[in-house]
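Participant: Next up is a structure, given as C-alpha cells.
The values are calculated or read from the model by the stated rules, or taken from the named source; none is laboratory data. Just so it is clear, the structure is predicted and the values come from calculations on it, not from any experiment. A quick note on method: Cβ atoms are made from the backbone with ideal geometry, for glycine too, and the neighbour counts reach across all protein chains shown. The area values use the complete protein model at the heavy-atom level, side chains included, leaving out ligands, DNA and RNA. Shrake-Rupley method; radii C 1.70, N 1.55, O 1.52, S 1.80 Å.
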Amino acid sequence: MLLPCANITTETLTDDLFDLKQVSISILRLDKIDPVVSGNKLFKLHYFLEEAIRTSAEGIVTFGGAYSNHLVATAFACKQAGLKSSAIVRGERPAALSHTLIECLNYGMQLKFISRQEYHNKEQPFFLETLHQQNKNYIIVPEGGYHPKGAAGAAIIMDLIDDEVSHICCAVGTATTIAGLLLSLKGSQQVIGVPVLKNMHDLQERITFLTKKQFSNDQLKIVSDYHFGGYAKKTPPLIDGMNMLYEKHRLPTDFVYTGKMMLAIMDCIKKDFFPKRSKVVCIHTGGLQGNLSLTSGALVF
C-alpha cells in the first residue's frame with residue numbers, strides 16, 4: 001500500500017441494545033489514517049497513484065464538487081507522492097471558497113471551475129479528449145474514483161477485516177467502495193450498503209461496471225431510505241444522531257457518509273435485521289473535515 005495504514009484501528013462498541021440482540025458491532029476507523037485526509041478515498045486512489053509513479057506521469061487530474069472529500073484526498077495523496085494535482089470543479093467559482101477547496105489549494109492542487117452544464121458532460125468522449133489534450137502527462141481519475149481501478153483499491157480494505165466477520169457495512173456514494181468489498185468477500189460474508197443519495201436505482205449496473213461480476217442477494221444487501229434528504233443534506237435527527245454516537249461511543253462521524261450509515265445500522269439492529277451472533281464491522285470512511293461546514297456548535301465533537 002502506497003498510503004499509511006499504521007494508525008487504523010478496529011474498535012468494538014458496547015451497548016445494551018447489542019447485548020439484547022446478541023450482535024457484535026465494531027468500527028474500522030479508516031478516518032484515523034490522517035488527521036485531515038483519510039478514509040476509503042485514499043484506497044480508491046491507490047492504483048491510480050501506482051500507475052502515475054510507474055509511468056512517470058506529471059500528476060493526476062480528477063473531478064468533484066466544492067465539498068468533495070475525494071478532491072482533498074487526491075490533493076493530499078499527490079503531494080505525498082511527489083505528483084502534481086488538478087481538479088475540474090463543478091460550478092462557477094464562488095466568492096468564498098469552501099473549507100474543502102481551501103484544503104485542496106493548501107496541498108498544491110490547481111482548481112478549474114466549470115459550469116454545472118459543462119460538468120454534466122464530463123464523461124462524454126469530446127470532453128475527455130479535450131482534457132487529455134490539455135493534460136497530456138496526467139492520469140485522469142473519474143469523480144470519486146469510480147473506475148475498476150478504484151474498486152480494486154477499495155478491495156484492499158478487506159485485508160484489514162477479520163475473516164470471522166459476518167457483515168461489512170459501508171455508506172454508498174459512487175458504489176466504488178462496496179464494489180471493492182464485494183471483490184474480496186470471504187466465505188459467507190455479506191456487504192450491507194447504505195446509499196447516501198436519493199433514488200439510487202442503478203447500483204447493480206454500477207457494481208457490474210466496477211467489478212465485471214454479478215453478486216447474489218446473499219452477498220449484498222442495500223438498506224435504503226437513510227439518506228436524510230439526499231447527498232450532503234442534513235436534518236436535525238441526523239445531527240442529533242451523530243451527537244448521540246459521540247456521547248455514547250466516542251465515535252465522531254461526518255454528515256455526508258458515516259453518520260448516515262451508522263444511524264441506518266443502529267436502526268437495522270433494532271429491527272432484527274442481523275441474525276443473532278452476527279459479527280458486524282462498520283467502515284468509517286473518513287470525511288470528518290466536511291463537518292467544518294456546519295454551524296459552529298451543531299456538533300458536540
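Participant: Run LYS41 past the list (1) open to solvent by 30 Å² or more (accessible area, probe 1.4 Å); (2) charged (D, E, K, R); (3) modelled with pLDDT under 95 and report the number of the one that doesn't hold.
Facilitator: It is condition (1) that LYS41 fails.
Participant: Could you please give the count of residues in the stretch 129-144 that are more than 19 Å from the chain's Cα centre (by Cα) and open to solvent by 40 Å² or more (accessible area, probe 1.4 Å)?
Facilitator: 7
Participant: Can you give me the number of residues within the stretch 202-226 that are free of Cβ contacts under 8 Å to residues at least 60 places away in the same chain, open to solvent by less than 40 Å² (accessible area, probe 1.4 Å) and within 19 Å of the chain's Cα centre (by Cα)?
Facilitator: Final tally of qualifying residues: 5.
Participant: Let me ask another. Given the condition under 17 Å from the mean Cα position of the chain (by Cα), of a type in the set (A, V, I, L, M, F, W, C) and surrounded by 23 or more Cβ atoms within 10 Å (Cβ to Cβ), answer yes or no: does some residue in the stretch 50-71 qualify?
Facilitator: Within the stretch 50-71, one or more residues are under 17 Å from the mean Cα position of the chain (by Cα), of a type in the set (A, V, I, L, M, F, W, C) and surrounded by 23 or more Cβ atoms within 10 Å (Cβ to Cβ).
Participant: Still on this structure, I have one more. What do you reckon, is SER98 of a type outside the set (A, V, I, L, M, F, W, C), under 30 Å from ILE269 (Cα atoms) and either in contact (Cβ under 8 Å) with a residue 60 or more places away in the chain or touching a helix residue (DSSP H, G or I) at 6+ places or on another chain (Cβ under 7 Å) (or both)?
Facilitator: no
Participant: Let me ask something additional. Could you tell me which residue of the stretch 227-278 is surrounded by the most Cβ atoms within 10 Å (Cβ to Cβ), considering only residues that are part of a loop (DSSP other than H, G, I, E, B) and small (Gly, Ala, Ser)?
Facilitator: Looking at residues that are part of a loop (DSSP other than H, G, I, E, B) and small (Gly, Ala, Ser), I get ALA232.
Participant: Something else now. Identify all residues within the stretch 240-271 that are charged (D, E, K, R) and farther than 20 Å from THR10 by Cβ; write none if there are none.
Facilitator: Within the stretch 240-271, ASP240, GLU247, LYS260, ASP267, LYS270, LYS271 qualify.
Condition check ((1) outside any helix (DSSP H, G or I); (2) polar (S, T, N, Q); (3) free of Cβ contacts under 8 Å to residues at least 12 places away in the same chain; (4) touching a Ser or Thr at 6+ places or on another chain (Cβ under 8 Å)) across all residues:
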{"position": "TYR67", "(1), (2), (3), (4)": "yes, no, no, yes"}
{"position": "VAL72", "(1), (2), (3), (4)": "no, no, no, yes"}
{"position": "PHE76", "(1), (2), (3), (4)": "no, no, no, no"}
{"position": "ALA87", "(1), (2), (3), (4)": "yes, no, no, yes"}
{"position": "GLU103", "(1), (2), (3), (4)": "no, no, no, no"}
{"position": "PHE113", "(1), (2), (3), (4)": "yes, no, no, no"}
{"position": "GLN117", "(1), (2), (3), (4)": "no, yes, yes, no"}
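Participant: Within the stretch 153-196, take every residue that is small (Gly, Ala, Ser) and over 27 Å from VAL141 (Cα atoms) and give me the one that is surrounded by the most Cβ atoms within 10 Å (Cβ to Cβ).
Facilitator: Ranking the qualifying residues of the stretch 153-196, first place goes to SER166.
Participant: Restricting attention to the stretch 245-262, and to residues there that are aliphatic (A, V, I, L, M) and more than 12 Å from VAL196 (Cα to Cα), which single residue is farthest from the chain's Cα centre (by Cα)?
Facilitator: LEU245
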